[in-house]
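The values are calculated or read from the model by the stated rules, or taken from the named source; none is laboratory data. Please read these numbers as outputs of a predicted model, since none were measured by experiment. Neighbour counts run over all protein chains shown; Cβ positions are idealised from the backbone, glycine included. Heads up: the accessible areas ignore ligands, DNA and RNA and are worked out on the full protein's heavy atoms, side chains in. Shrake-Rupley method; radii C 1.70, N 1.55, O 1.52, S 1.80 Å.
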Amino acid sequence: MKCENCTRKECSKKQKNDTQSTSGDALSSSDDFEKKNEFPTLADAKILLSDCLACDSCMTSEEGARVFQQNQKELFHILNLNKRCDASKHKVLVVSICPQSLPYFAAKFNLSVNDAAKRLCGFLKSLGVHYAFDTTIAADFSLLESQREFVQRYQRRNQEEHALPMFASACPGWIRYAERVLTNLVTPHICTAKSPQQIMGSLVKGYFARQQNLSPDKIFHVVVAPCYDKKLEALQEDSYAALYHSQEVDCVLTSGKIFFKLAVSQDTSEIVQIMEQKNMSVKDVTEAAVDSLFDGIKEGDVVRHEGKRSDGYLEHIFKYAAKELFGMDVKEITYKALKNKDFQEVTLEKDGETVLRFAAAYGFRNIQNMVLKLKKGKFSYHFVEVLACPGGCLNGKGQAQTEDGKPDKALLTQMEDMYAAIPVRLPETNLHVQKMYHDWLEGMDSKKVQETLHTKYSSENQTASSLDIKW
């Protein structure tokens, strides 16, 4: 069976799906899950071939099985353990919610984004979740580290071969494709700052665990995200705390649509399906404020970063670099669309010379064209914000599809309008972040910052040609 995203004669995804089905059967027969089950039994989730964001070289059979196990059953398993008498097996259940997931819930239930956040937190708390966090603070760290790294690379551009261009590191679909397929052509150019999800894992299992006097393995950390690839990202080696035998993110659930293998095929949401199984809606639950990582504090209204459809790496880094490198205050950024709306560029001119040239490349067709230019030595950009999904994170395949698996353009437009209306908060203005740099990370230039907020990339040799994939 051939994957629509690759040119191989045989696609290993078929084998992976078979492996996943076996793993799902084993999980559903777990004694812990079956005994005195106080939560509904759900249909096994199956991610279809068309949901793959990269080629068939990008996920091993073992990874496929482990990705499949990240579903609602894992959450219910912990909820059931917590309702039993053996306190030694109890876990503190923490859910971190990506800001790009909130417009989906707001649109689905006809709520404002703030109301959707409070109702979603209320629903999670009604299930037995102890803490519900917003991942915006993790994106603050990721943006700040990315900004600083770009300026350092720019200043070393004449001494280091791979200093520029710099590619964004937030999208796991792009990162996995770069590591497994493009290898050394691209990986030295990727920003080493961890993604918001990776940093949120460190915050929950590191900072928050210490604040609560908990061992990290006593916390079960779930992330609600718009993208399937976040499940794969949770399995990365540097997301594993060997000392405590604990992943920093234990399970990722999509906010939106995922396909379920039933007698009659249907599609629904991993989170919304839980509501449907319990015969509840977000509108039916009591509101609860989003929790804070800091004792005695509740989060206020939802905020976002600059950027219409993502965490805004291009805009933040562009404005920071303009100020730090050229002393220019850029208030508004003007995008110039090139071949399509998902490939746009931004430039900065000084004294008649273009001193910064940035681009946003969304979707694998644009990524492929970008890589071709890089290979031919005709690459003129200093920085590229790369996202695997056309339309950006709001259009993640975990939330923005119609029943036949096609992009839901009307829903995407509605979510974009809702997301754009959320107030912007600059990461530099977050006083909690500045305090954590000082108290937790031992300063902005410390060894602990490098260990906690940065990562390294592998460059595994694959049999696939780096450019043989049709997007």
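Observations on the structure shown:
- For residue 126: the one exception among (1) of a type in the set (Gly, Ala, Ser); (2) open to solvent by 30 Å² or more (accessible area, probe 1.4 Å); (3) within 20 Å of the chain's Cα centre (by Cα): (3)
- Of the residues making up the stretch 152-167, those that are crowded, with 17+ Cβ neighbours inside 10 Å and in contact (Cβ under 8 Å) with a residue 12 or more places away in the chain number 6.
- Enumeration of residues in the stretch 210-228 that are small (Gly, Ala, Ser) and surrounded by 24 or more Cβ atoms within 10 Å (Cβ to Cβ): 225
- The residues in the stretch 231-269 that are under 23 Å from residue 104 (Cβ atoms), modelled with pLDDT of 85 or more and open to solvent by 30 Å² or more (accessible area, probe 1.4 Å) can be counted, and the count is 1.
- Within the stretch 277-304, the set of residues being more than 24 Å from residue 138 (Cβ to Cβ) and basic (Lys, Arg) comprises 278, 283.
- Count of the stretch 304-337 residues, restricted to those that are open to solvent by 80 Å² or more (accessible area, probe 1.4 Å) and not acidic (Asp, Glu), is 5.
- Counted residues, the stretch 338-370 - those being surrounded by 15 or more Cβ atoms within 10 Å (Cβ to Cβ) and of a type in the set (Asp, Glu): 2
- Matching option when the condition is closer than 30 Å to residue 297 by Cβ and assigned to a helix (DSSP H, G or I), among 210, 180, 176: 210
- In the stretch 390-413, residue modelled with the highest pLDDT [restricted to those that are of a type outside the set (Lys, Arg), open to solvent by 10 Å² or more (accessible area, probe 1.4 Å) and part of a loop (DSSP other than H, G, I, E, B)]: 390
- Failed condition for residue 188, given (1) at pLDDT 90 or above; (2) surrounded by 17 or more Cβ atoms within 10 Å (Cβ to Cβ); (3) closer than 26 Å to residue 386 by Cβ: (2)
- Test: residue in the stretch 195-218 that is farther than 30 Å from residue 88 by Cα and not β-branched (Val, Ile, Thr): yes
- Only one of 298, 319 that is free of Cβ contacts under 8 Å to residues at least 60 places away in the same chain and in the same structural domain as residue 399 (by the TED database): 319
- Among the conditions (1) within 21 Å of the chain's Cα centre (by Cα); (2) in a loop (DSSP other than H, G, I, E, B), the only one that residue 294 does not satisfy is (1).
- Residues that are acidic (Asp, Glu) and either open to solvent by less than 40 Å² (accessible area, probe 1.4 Å) or modelled with pLDDT of 90 or more (or both) were ranked within the stretch 440-471; the one that is farthest from residue 172 (Cα to Cα) is 442.
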